[in-house]
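One structure is given here, and the rest of the page talks about it.
The values are calculated or read from the model by the stated rules, or taken from the named source; none is laboratory data. Please read all numbers here as calculations on a predicted model, not as lab measurements. Quick reminder, even Gly has a Cβ in these numbers, built from the backbone with ideal geometry, and neighbours come from all protein chains shown. When the accessible area is computed, the model is the full protein with side chains, heavy atoms only, and any ligands, DNA or RNA have been set aside. Shrake-Rupley method; radii C 1.70, N 1.55, O 1.52, S 1.80 Å.
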Amino acid sequence: MPRSDLSSAVGVPASDTHPARGSENAVMSSVAGLTADPFTGAYAGSKHAVEAFADALDQELAEFGVTVATINPGPFLTGFNDTMFETWKEWRDSPADRLYDYSALAFPHEQYDPEPVYERTVRVLLGEDRRYRHLLPAELESEAREQVDALWNRQLNDGRRQTLVQKAYDSSPGTPVGS
């Protein structure tokens with residue numbers, strides 16, 4: 001019968017002398033693994049799965065001295081976010097059949113310089129940062145917490161366009177923070 005634990009799925013060996021034991025590991029997730037925005041459901045869903053995987057793996061491997069931390073980048077100006085909003089160009093359907101004119105939408109958040117993500121990831125991998133979760137930039141942490149907490153009391157929508165949907169119409173690709 002095959003094993004179903006995550007440690008076997010990622011190849012953590014049973015040997016006490018294997019180099020993977022006592023290691024620091026970082027899983028690249030996203031703030032989207034904790035929250036969800038309009039037009040990013042598929043991406044957010046995949047990152048929510050990454051969060052569950054990392055959490056379970058951290059719990060399973062703790063007794064072997066293996067740590068797993070998550071890196072949760074927010075909107076960084078790497079080109080990724082804007083490219084995600086241009087995938088409609090590759091769709092093979094008729095634009096007339098779509099609910100939205102995707103050519104009029106852009107990523108609805110200002111984007112940050114990505115350098116802090118690289119720096120934090122290195123610190124986690126070197127064992128210099130012992131936190132499990134690393135949401136970057138740190139200034140977005142309170143907003144993400146509020147969004148997650150609000151889910152417990154949220155009512156059904158009232159049928160009006162949501163603020164972030166409108167912001168997607170009002171934004172331009174590659175908008176840096178502070179512009």
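Summary of values
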item	result
Residue among A62, A32, A44 that alone is out of contact with any Cys (no Cβ under 9 Å at 6 or more places or on another chain), open to solvent by 40 Å² or more (accessible area, probe 1.4 Å) and without any contact (Cβ under 8 Å) to a residue 24 or more places away in the chain	A62
Test result for T78, modelled with pLDDT of 95 or more, more than 27 Å from W152 (Cα to Cα), hydroxyl-bearing (S, T, Y) and in contact with a strand residue (DSSP E or B) (Cβ under 9 Å, 6 or more places away or on another chain)	yes
A54 being surrounded by 12 or more Cβ atoms within 10 Å (Cβ to Cβ) and under 22 Å from L34 (Cβ atoms)	yes
G127 in contact (Cβ under 8 Å) with a residue 24 or more places away in the chain and either open to solvent by 80 Å² or more (accessible area, probe 1.4 Å) or within 16 Å of P176 (Cβ to Cβ) (or both)	no
Residue count, segment 54-84 (criterion: farther than 30 Å from Y102 by Cβ and part of a helix (DSSP H, G or I))	11
Residue match in segment 112-121 (condition: hydrophobic (A, V, I, L, M, F, W, C), surrounded by fewer than 16 Cβ atoms within 10 Å (Cβ to Cβ) and modelled with pLDDT under 95)	no
Residue in segment 110-124 that is farthest from P75 (Cα to Cα), counting only those that are hydroxyl-bearing (S, T, Y) and touching a residue at least 24 places away in the same chain (Cβ under 8 Å)	T121
Matching residues in segment 83-108 - criterion: being within 12 Å of Q166 (Cα to Cα) and surrounded by 10 or more Cβ atoms within 10 Å (Cβ to Cβ)	Y100, L105, A106, F107, P108
Residues satisfying the stated conditions in segment 150-169, i.e. in a helix (DSSP H, G or I) and either open to solvent by less than 100 Å² (accessible area, probe 1.4 Å) or in contact (Cβ under 8 Å) with a residue 60 or more places away in the chain (or both)	A150, L164, V165, Q166, K167, A168, Y169
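Table: residues versus (1) within 16 Å of T40 (Cα to Cα); (2) part of a helix (DSSP H, G or I).
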{"site": "Y100", "(1), (2)": "yes, no"}
{"site": "P108", "(1), (2)": "yes, no"}
{"site": "Y118", "(1), (2)": "no, yes"}
{"site": "E128", "(1), (2)": "no, no"}
{"site": "L135", "(1), (2)": "no, no"}
